[in-house]
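Remarks on the structure that follows.
FYI, it's all coordinate maths here, none of it is from the lab. Given the structure is predicted, the values throughout are model-derived calculations rather than measurements. Please note: Cβ atoms are built from the backbone with ideal geometry, for glycine as well, and neighbour counts cover all protein chains shown.
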Amino acid sequence: YLVYALIKVKFGFYLSAVLFGLTAWSIPTIMAAAAGDFVGPRLAPAGLGFITLFFGIGQAVGPALGGYLADQTGSFTVPFLVAGGISLLGMVFSSKLRPPLQERAGVPTKA
């Protein structure tokens, strides 16, 4: 999001699309693996459902918020900056997660 917000030429758009394509489709796999790692195999389906709920809320609210911000500012720069900021905030929160259950218990995990 930040790439296109900061590089407002055709190249910025294409670069943003390529980066999005390379990273976006890894998210469901990472979410499923994290659910199993953080809550254990028994609760993994519930954990994945919880994550997916908020993922879906973001997908429902994001376009409406982006459209509203674009209408108010007359540009898509602000919505892209907000999306980039929210993504960075998610990255910071993700980096603060405690280690998965097995690692906290001192049990080596299988890689």
Against the longest principal axis of the chain, how steep is helix 10-24, in degrees 0 to 90 to the nearest 10, with axes from Cα atoms?
20 degrees
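Before anything else, pin down the relative contact order of the chain: Cα pairs under 8 Å, at least 6 apart, normalised by residue count, whole percent.
30 percent
Nearest 500 deg cm²/dmol is fine: what mean residue ellipticity at 222 nm does the chain get from its DSSP H runs of n ≥ 4 alone, each adding -39,500 (n - 2.57), divided by its residue count?
Working: 6 runs with 86 residues, N = 111.
The helix-only estimate for the chain comes to -25000 deg cm²/dmol at 222 nm.
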Where does the Debye-calculated log10 I(q)/I(0) of the chain sit at q = 0.10, 0.20 Å⁻¹, using only Cα point scatterers of equal weight, no solvent?
-0.41, -1.15
Relative to a virtual label point 7 Å from the Cα of GLN59 in the Cα→beta-carbon direction, which members of segment 22-49 show backbone nitrogen distances below 11 Å?
28
